[in-house]
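Every read-out reported here was derived from the displayed coordinates using simple, explicitly stated rules and does not represent laboratory data. This one's a predicted model, so the numbers in the text were calculated from it and none came from an experiment. We place every Cβ from the backbone using ideal geometry, glycine too, and count neighbours over all the protein chains shown.
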Amino acid sequence: MTPDPAELQDLLARVAMRDRAAFRQLYQVASPKLFAICLRILKDEQEAEDTLQEVFVKLWHNADRYAPQVASPHAWMNAVTRNLAIDTLRRRKPGGGDLDAVDNLADAAPGPEADAIRRSEGRRIEACLAELDPDRAQAVRLAYVEGESYLELAERFSVPLNTMRSWLRRSLIRLRECLTR
């Protein structure tokens, strides 16, 4: 289960004061999610492990820079992780990959027509989301854009888990109906 933001905030404050026990606890509760971010970006387990180690070194040195009024502890740690993983990608040796793979990457870029279609679809989805109750629309965004689990959403909205599942299922049905009009 994802740790409580208040718990993470407390751990980061204690890490900022160089509390090693808090750092160990922070590693235990946050490393699985942060490792998943590294692995998703780098697609290499060893590089992801190395980058995760860099992430926690950076968290140890910069925990005092965390500002709770600016971002949630999850968002801040995720941003640190994402940035370091991207830096790792940039540091990869040039020419170390397959040239055909580079050509395929260039070909995969969307053209102006595909970009216009994507923007148009995005506007349609936003218009359909606006037809939902605001809390249902926010739950859909958090679940399917931000990747929050049903349990996290149920806790955030203070509703039972099955209620959250029903909210999301019914909201998706309404979105599908709206998009097919």
Review point. Using the beta-carbon distance between residue 58 and residue 113 and R0 = 41 Å, what value does 1/(1 + (r/R0)^6) give for FRET efficiency, to the nearest 0.05?
Key: 0.50
Exercise for review: In vacuum, with every alpha carbon of the stretch 5-91 counted as one equal point scatterer, what does the Debye formula give for log10 I(q)/I(0) at q = 0.16, 0.25 Å⁻¹? Two decimals, please.
Suggested key: -0.56, -1.23
Check your understanding: Using a simple charge model, +1 on the beta-carbon of Lys and Arg, -1 on the beta-carbon of Asp and Glu, nothing else, what dipole does the chain show about its Cα centre, in debye to the nearest 20?
Key -> 380 debye
Review point. How many times 2.2 N^0.38 Å is the alpha carbon radius of gyration of the chain?
Key: 1.27
**Study point:** Potential lengthening between residue 179 and residue 124 on full extension [0.36 nm per residue; Cα-Cα distance subtracted]
**Key:** 19.1 nm
Study note, to complete from the structure: Hits for the chain under the membrane-span-like helix rule (DSSP H, Cα axial span at least 20 Å, Kyte-Doolittle mean at least 0.0) are 20-42
Exercise for review: Once you have the Cα-Cα distance between residue 90 and residue 149, take 0.36 nm times their residue separation minus that, and quote the gain in nm to one decimal.
Suggested key: 18.2 nm
Point to revise | Sparse-neighbourhood loop sites, GluC sites (Glu not before Pro) in the stretch 5-60 - DSSP loop, at most 14 other Cβ within 10 angstrom | key: none
Point to revise | Share of alpha-carbon pairs per 5 Å distance bin for the stretch 111-175, given as whole % | key: 4, 18, 25, 20, 14, 9, 6, 3, 1
